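Trainee: To start, I am sharing the structure in question, which I have written as structure tokens.
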Amino acid sequence: MADCATTANARQYPGFATSSCLRHEPLEREIVELAPGVWAFIGYGSSNFGVIATQHGYLLIDTGDDLPGAKAAKAEIARLAPGSLQAIILTHSHPDHRGAAEIFLEGASDVPVWAHPEFGSETRNAHGLGDILKKRFEKQFGINIPDAEYTPNFVLPHVQSGKLLAPNRSVAAGRTRLDMDGVQLEIYTIPSETDDHLAIWLPQKKVLFVGDAVYGMFPNLSPLRGGSYRDVERWAASIRKLMEFDADAAMCGHKIAPAGADVRKIFGDTAEALEYLYKETIEGMNAGLGPDELVASIQLPEHLRNAPWLGEYYGPASYGIRSIFAEKIGWFDDDATSIVPLDPAEEAERMIALAGGEQKLLAAATRALADGDYIWAAKLAGYLRQSSVSKEARNLKADALEALSDEIMPMAPRNYLKASALELRGKA
């Protein structure tokens, strides 16, 4: 797999990298044979799912999240592995890995659905925050962005999901060995992106299903929608553990199903990137750097920054830096002025006065927008949100956020910026 030349646009957008070979586009539907009787279905939704032929039909590893995609996949499965669905194993609880199950379960009854004993722990940890998390989820995934304005992409495509599948069987902690309709497999509880993550190993085929432990792009270390801390150090250690299986082929949760030396290379590079990010963040914190300074100073080594399987398609590495800081020593950035901050409304009033009044501040924001200085334009316009020119300022800020969204690669912040612009215009 060839490397790509990468350049960092650090002056304008600290913490965001761009690459000459990174671009957003939907994945073509592809069925990859991982071993005889074992397939990865790629491009049938936003996540991959696996199919394993059995004596009387097939097993599913995850179900994808797009109902039309699952319907097309089911027709292909009938050709590859005739018979009925024998069982489903869910690698973890995220909706994109279980939102199209109803297609596969049509006409079936009493299908075992296996999952981690702590399945859904991430949702339980957010108990009572349903309203705000729903709003942020919709922004991150671009739910309310019209299709005509949405960036075609493979990681967060607009999909038609159904009811989320719930498990009815739990594996044991550690290793569980099962014979499922003639297929020998081992299921391991190995936390990575979530605490409820599983890895599924077919020892006779040397095929490994890893869910979102490895993406085929840079991992989303801290989702904008919110959620529990994703332990970067532990995640890297789990990938190292997965490498010990020495798989001949693997299915990742998104985008790729590598084989041979590519498995070791992609897994190794991903683990190394997380280890490097964690180490440099901790060292920078000990040197007294705050979150913004850490983001501005830490960059992955060139051989990792250039790797196409570490492209920042979803979330940037910088979000991981910020999450490590917050998890390890909390919100305080060691700037004494943060101890007793100005009230936001009072700060806005003072900034308006400092600029010489509302019209002058609005003019400065307008110039910044025209100059392509979108971050500064949005910041200045934000101070005017309760002023007499608030409507003009809201529209200007929306223009700035929308323009900024078109200039960064990761889909999570790109969607969030565009969705926030729609919200400012009263369209979402």
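The values are calculated or read from the model by the stated rules, or taken from the named source; none is laboratory data. These numbers come from a predicted model, not from an experiment. Here Cβ is always computed from backbone atoms with ideal geometry, including for glycine, and neighbour counts include all displayed protein chains. All accessible areas refer to the heavy atoms of the entire protein, side chains included, with ligands and DNA or RNA removed. Shrake-Rupley method; radii C 1.70, N 1.55, O 1.52, S 1.80 Å.
Trainee: Looking at 312, 392, 358, 349, which is the one that is under 30 Å from residue 269 (Cβ atoms) and not β-branched (Val, Ile, Thr)? If you could, list the steps in order and put the result at the bottom.
Mentor: Values: 392 fails: under 30 Å from residue 269 (Cβ atoms); 358 fails: under 30 Å from residue 269 (Cβ atoms); 349 fails: under 30 Å from residue 269 (Cβ atoms).
That would be 312, the only listed residue that is under 30 Å from residue 269 (Cβ atoms) and not β-branched (Val, Ile, Thr).
Trainee: Does residue 361 satisfy the condition of being more than 25 Å from residue 16 (Cβ to Cβ), free of Cβ contacts under 8 Å to residues at least 60 places away in the same chain and not polar (S, T, N, Q)?
Mentor: Yes: the conditions hold for residue 361.
Trainee: Could you pull out the residue among 381, 400, 317 that is open to solvent by less than 20 Å² (accessible area, probe 1.4 Å), free of Cβ contacts under 8 Å to residues at least 24 places away in the same chain and under 27 Å from residue 145 (Cβ atoms)?
Mentor: Being open to solvent by less than 20 Å² (accessible area, probe 1.4 Å), free of Cβ contacts under 8 Å to residues at least 24 places away in the same chain and under 27 Å from residue 145 (Cβ atoms) holds for just one of 381, 400, 317, which is 381.
Trainee: For region 157-178, name all the residues that are open to solvent by less than 50 Å² (accessible area, probe 1.4 Å) and among the polar types (S, T, N, Q).
Mentor: Hit for region 157-178 is 176, nothing else.
Trainee: Residues in region 179-193: is at least one over 28 Å from residue 409 (Cα atoms), open to solvent by less than 80 Å² (accessible area, probe 1.4 Å), assigned to a loop (DSSP other than H, G, I, E, B) and of a type in the set (Gly, Ala, Ser)? Please lay out each step first, then the result.
Mentor: If we filter region 179-193 for residues that are over 28 Å from residue 409 (Cα atoms), which is where we start, we get 179-190.
Pick out the ones that are also open to solvent by less than 80 Å² (accessible area, probe 1.4 Å) and you get 180-190.
Cutting the leftovers down to assigned to a loop (DSSP other than H, G, I, E, B) gives us 181-182, 190.
Restricting the remaining residues to those that are of a type in the set (Gly, Ala, Ser) gives 182.
Yes, there is a match, as at least one residue in region 179-193 is over 28 Å from residue 409 (Cα atoms), open to solvent by less than 80 Å² (accessible area, probe 1.4 Å), assigned to a loop (DSSP other than H, G, I, E, B) and of a type in the set (Gly, Ala, Ser).
Trainee: Sticking with this structure for a sec: Assess whether residue 342 counts as being over 30 Å from residue 242 (Cβ atoms) and in contact (Cβ under 8 Å) with a residue 12 or more places away in the chain. I'd like the intermediate steps shown before the answer.
Mentor: Numbers: over 30 Å from residue 242 (Cβ atoms): yes; in contact (Cβ under 8 Å) with a residue 12 or more places away in the chain: no.
No: the conditions fail for residue 342.
Trainee: Would you mind listing the helices (runs of 4 or more DSSP H) fully within region 90-156 where at least 1 residues are polar (S, T, N, Q), out of contact with any Asp or Glu (no Cβ under 8 Å at 6 or more places or on another chain) and surrounded by fewer than 13 Cβ atoms within 10 Å (Cβ to Cβ)?
Mentor: Details: elements: 101-105, 121-125, 130-140.
Those helices (runs of 4 or more DSSP H) span 121-125.
Trainee: Need the failing condition index for residue 54 against (1) open to solvent by 60 Å² or more (accessible area, probe 1.4 Å); (2) at pLDDT 95 or above, just the number.
Mentor: Result: residue 54 passes all but (1).
Trainee: Another question about this same structure. How many residues, within region 384-397, are modelled with pLDDT under 95, open to solvent by 90 Å² or more (accessible area, probe 1.4 Å) and either of a type in the set (Ser, Thr, Tyr) or more than 23 Å from residue 145 (Cβ to Cβ) (or both)?
Mentor: Total satisfying the criteria: 2.
Trainee: Oh, and also: Can you spot a residue in region 283-304 that is among the hydrophobic types (A, V, I, L, M, F, W, C), modelled with pLDDT of 95 or more, in contact with a strand residue (DSSP E or B) (Cβ under 9 Å, 6 or more places away or on another chain) and surrounded by fewer than 21 Cβ atoms within 10 Å (Cβ to Cβ)?
Mentor: No: region 283-304 contains no residue that is among the hydrophobic types (A, V, I, L, M, F, W, C), modelled with pLDDT of 95 or more, in contact with a strand residue (DSSP E or B) (Cβ under 9 Å, 6 or more places away or on another chain) and surrounded by fewer than 21 Cβ atoms within 10 Å (Cβ to Cβ).
Trainee: Output yes when any residue across region 87-104 is hydrophobic (A, V, I, L, M, F, W, C) and at pLDDT below 95, and no when none is.
Mentor: No, region 87-104 has no match at all.
Trainee: At least 2 residues that are more than 32 Å from the chain's Cα centre (by Cα) in each: list the helices (runs of 4 or more DSSP H) lying fully within region 308-402 that qualify. Step through it out loud before you land on a result.
Mentor: Values: elements: 317-329, 344-355, 358-370, 374-382.
Passing ranges, in order: 344-355, 358-370.
Trainee: Among the residues of region 44-65, write down those that are in contact with an Asp or Glu (Cβ under 8 Å, 6 or more places away or on another chain) and more than 14 Å from residue 160 (Cα to Cα).
Mentor: Result: 48, 49, 50, 54, 55, 56, 57, 59.
Trainee: Here is a check on your reading of the model: is residue 241 touching a residue at least 60 places away in the same chain (Cβ under 8 Å), within 30 Å of residue 41 (Cβ to Cβ) and of a type in the set (Lys, Arg)?
Mentor: Working: touching a residue at least 60 places away in the same chain (Cβ under 8 Å): no; within 30 Å of residue 41 (Cβ to Cβ): yes; of a type in the set (Lys, Arg): yes.
No.
Trainee: The conditions are (1) out of contact with any Pro (no Cβ under 7 Å at 6 or more places or on another chain); (2) at pLDDT 95 or above, and residue 109 fails exactly one of them. Which is it?
Mentor: For residue 109, the exception is condition (2).
Trainee: Now, a different point. Among the residues of region 23-35, is any of a type in the set (Val, Ile, Thr) and either modelled with pLDDT under 95 or open to solvent by less than 10 Å² (accessible area, probe 1.4 Å) (or both)? Even if it seems obvious, please write down each step before you answer.
Mentor: Filtering region 23-35 for residues of a type in the set (Val, Ile, Thr) gives 31-32.
Add one more test, that the residue is either modelled with pLDDT under 95 or open to solvent by less than 10 Å² (accessible area, probe 1.4 Å) (or both), and what stays is none.
No: region 23-35 contains no residue that is of a type in the set (Val, Ile, Thr) and either modelled with pLDDT under 95 or open to solvent by less than 10 Å² (accessible area, probe 1.4 Å) (or both).
Trainee: Keeping to region 73-89, report how many residues are touching a helix residue (DSSP H, G or I) at 6+ places or on another chain (Cβ under 9 Å) and open to solvent by less than 30 Å² (accessible area, probe 1.4 Å). Reasoning before the result, please.
Mentor: Here is the first cut: in region 73-89, the ones touching a helix residue (DSSP H, G or I) at 6+ places or on another chain (Cβ under 9 Å) are 73-74, 77, 85, 88.
Subsequent filtering for residues that are open to solvent by less than 30 Å² (accessible area, probe 1.4 Å) retains 73, 77, 85, 88.
Result for region 73-89: 4.
Trainee: For residue 408, which of the numbered conditions (1) open to solvent by less than 20 Å² (accessible area, probe 1.4 Å); (2) in a helix (DSSP H, G or I) fails to hold?
Mentor: Result: residue 408 passes all but (2).
Trainee: Could you list, in sequence order, the residues of region 225-278 that are closer than 24 Å to residue 31 by Cβ, outside any loop (DSSP other than H, G, I, E, B) and open to solvent by 40 Å² or more (accessible area, probe 1.4 Å)?
Mentor: Correct list: 259, 261, 262, 264, 265.
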